[in-house]
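These notes are about the structure you will find just below.
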Amino acid sequence: MHYATLARRAITVLGATMAIFHLWVAFTGALDSLVLRAAHLGFALALAYMTLPAWKRDPERGPGILDLVLLVAAVSTALYPIVELDYVYGRMIYVDDLRPADWIFGIGMIVLLLEATRRALGFALPLTALLFVGYAVFLADTDPAVLLEQLYVSTEGIFGIPTSVSATYVMLFVLFGALVERTGTGKLFMDFALALTGHRVGGPAKVACITSGLFGTVSGSAVANVMTTGAFTIPLMKRLGYRPAFAASVEAVASTGGQIMPPIMGAAAFIMAEFLGVPYLQVAAYALIPALLYYLAVYAAVHFEAQRTGMKGLPREELPGLKETLRDHGHLATPLVVVLVTLFMGYSAAFAALSGVISVIPSALLRASTRKYVRIENIIAGLVDGARNTIMVALACATAGIVIGVISLTGLGLDFTSLVVAVSQDTLLVALIMTMVAGIILGMGMPTSAAYIMQVALLVPALVKLGVPLPAAHLFVLYYAILSAITPPVALAVYAAKGIAGGGLWETSWDSVKLGFTGYIVPFMFVFGPSLLMQGPWHLIALAAASAVVGVLCLAAALAGFFRVPLALWQRAMLAGAAFVLINPGLVTDLIGISLIGVVLVSSRLLRPAEAVAAPDSGS
């Protein structure tokens, strides 16, 4: 048998074993927490060294000799805490001396983890972890033995909360997403969006917005979302006449928002639930209105751009019918319903994910049109996809654990909090802007989970000290960790979309920032108006949401320079002013914002050209 074929089969066995192992643990709850974390990381390291080449070469050739040696070494470092579990739990941390084996396996774990993370995610996160380790040893004068204990022979570093969340929740939801996609749910999302909005003004762009939101909440990855849905939506947009750069930016911005769109969101949402000590469903409730505002802004920007440039929709005869789509494929949404119902019944997120996974195959068997997906090879491929898609999250969480371990051991978080408070001079707005910039920089080139974890340790305490409610502070930094995917110069979602659409990189980046600009403002809205996080009386929540919706629409129109008719510069400025005034909820600010909007509406109608009045609107 050819070596490459043997390697592919080994990867299939390893990936399927990892998936089945996690399903078994979720079903039985039979493992100690440290054992589960170490086993989870061991699987991820093994798959990383099996599937990710050290340097640029064809991964289909299979792992080389060095890769296999590193694989065995990495798995050994993950197995050591499991084999020596009684010793790890029985020793007194920071009191008992480390054994030689602790040094060997601990240093080996750090080195091999950073190398695997480099292969999966590039240099940014491993270098960040090394900088923090260097700070601890050379600037904070931390005893190397104490540091190694913190990072490896405890649950405060590599095997800390982020790795626990990856092993307990993220793996199951990623597996759920992979199996759901294997049963044709992606086609359901696409056909549903086409039937709903494909014929309207700028139809394909609106399809991209809806499809990416639906698919993104399952996939939890901006880049994966772009590559999956963008392969279909970007050519459609270009066919209708959108510039390649604008088509790419629509897909990049819409795909990025999937990570904050309930019900499933991205991996960082599960970590947030753990940090906040609340049920995952509560985090989804916090995120719901801001996520809807984000997508409303993208949808409105697409609509105004389509009206400004005279874009039409797709011919109805080329589109699937809504009734036919729901009849033929609507049952594929059953697993999502199962997850939601299970969460609403009060069960854990892990149990909800397990229930969703179990319901995938029976759902596909309900109709003849989807039974073709229920094949052994397809199910195994879904298990392997779930395991491989978890590699980046697991490695990112473990490497971020190094950063968290250093911060908690050295007290760096308190120093950083004092610095932010001192520089901002106790002014919340200045602190929020500093946090936004720092969050985007920390998130550049990194997975959302890792960027969010570091911000929780470095930035959230400062915001809380300045009076920001804890949920708002966490969601604030999460937003900018996510938005780094569309923020130049390192905008991974933009790069992925540009690769499909073509066009200039900087033109695409600028369009993405412009299209997603409202997303940069939404976090300020819910910090100054916590009602947007569904906190407080319902009448205040409704008023805050209504005010925010109007503000979002005003800002989208101002950026597009169009609201049924082209807007003059002064009208755009007034709409932008109204949007920013409406950010801060309150009767006075709302009245000022409504007054500014009224001036623009009246002046637009008075100044509207006769031919524009005569021309009927072609849809919305």
Yes/no for Leu14 being within 25 Å of Glu156 (Cα to Cα), in contact (Cβ under 8 Å) with a residue 24 or more places away in the chain and either in a helix (DSSP H, G or I) or outside the structural domain of Val75 (by TED's automatic domain parsing) (or both): no
Check on Leu130, over 30 Å from Ala350 (Cα atoms), within 28 Å of the chain's Cα centre (by Cα) and not β-branched (Val, Ile, Thr): yes
Any chance Ala431 is closer than 18 Å to Phe275 by Cα and either of a type in the set (Asp, Glu) or in contact (Cβ under 8 Å) with a residue 12 or more places away in the chain (or both): no
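This table checks each residue for (1) charged (D, E, K, R); (2) more than 30 Å from Phe105 (Cβ to Cβ); (3) modelled with pLDDT of 90 or more; (4) out of contact with any helix residue (DSSP H, G or I) (no Cβ under 6 Å at 6 or more places or on another chain).
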position: Phe123; (1), (2), (3), (4): no, no, no, yes
position: Thr128; (1), (2), (3), (4): no, no, yes, yes
position: Leu148; (1), (2), (3), (4): no, no, yes, no
position: Ala178; (1), (2), (3), (4): no, yes, no, no
position: Gly184; (1), (2), (3), (4): no, yes, no, no
position: Ala195; (1), (2), (3), (4): no, yes, no, no
position: Val207; (1), (2), (3), (4): no, yes, no, no
position: Gly230; (1), (2), (3), (4): no, yes, no, no
Residue within region 376-397 that is farther than 30 Å from Ala10 by Cβ and in a helix (DSSP H, G or I) present: no
Matching option when the condition is surrounded by fewer than 24 Cβ atoms within 10 Å (Cβ to Cβ) and touching a Gly at 6+ places or on another chain (Cβ under 8 Å), among Ala422, Ala457: Ala457
Residue among Ala73, Ala54, Ala38 that is touching a residue at least 12 places away in the same chain (Cβ under 8 Å), farther than 21 Å from Gly386 by Cα and either within 27 Å of the chain's Cα centre (by Cα) or not in a helix (DSSP H, G or I) (or both): Ala54
The one condition in (1) closer than 20 Å to Gly177 by Cβ; (2) buried (at least 17 other Cβ atoms within 10 Å of the Cβ); (3) modelled with pLDDT of 90 or more that Asn378 fails to fulfil: (2)
Check on Leu172, assigned to a helix (DSSP H, G or I) and modelled with pLDDT of 90 or more: yes
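Rundown of residues vs (1) buried (at least 22 other Cβ atoms within 10 Å of the Cβ); (2) touching a strand residue (DSSP E or B) at 6+ places or on another chain (Cβ under 6 Å); (3) within 30 Å of Glu84 (Cβ to Cβ), yes/no style:
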| site | (1), (2), (3) |
| --- | --- |
| Thr5 | no, no, no |
| Arg8 | no, no, no |
| Met18 | yes, no, yes |
| Val25 | no, no, yes |
| Ala30 | no, no, yes |
| Tyr49 | yes, no, yes |
| Ala54 | no, no, yes |
Residue, farthest from Ala297 (Cα to Cα), within region 500-522, restricted to residues that are surrounded by fewer than 22 Cβ atoms within 10 Å (Cβ to Cβ) and either at pLDDT 85 or above or in contact with a Gly (Cβ under 9 Å, 6 or more places away or on another chain) (or both): Ile500
Selected residue (only one of Phe304, Phe344, Phe351 is closer than 24 Å to Ala208 by Cβ, out of contact with any Gly (no Cβ under 7 Å at 6 or more places or on another chain) and of a type in the set (Phe, Trp, Tyr)): Phe304
Filter result for the condition that a residue is surrounded by 21 or more Cβ atoms within 10 Å (Cβ to Cβ) and at pLDDT 90 or above, over Pro63, Pro144, Pro162: Pro162
Exclusive hit being under 29 Å from His303 (Cα atoms) and part of a helix (DSSP H, G or I), set Val207, Val165, Val180: Val207
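The values are calculated or read from the model by the stated rules, or taken from the named source; none is laboratory data. It should be emphasised that the depicted structure is a prediction, and the values quoted were computed from it without experimental measurement. All Cβ positions, glycine included, derive from the backbone under ideal geometry; neighbour counts span all protein chains shown.
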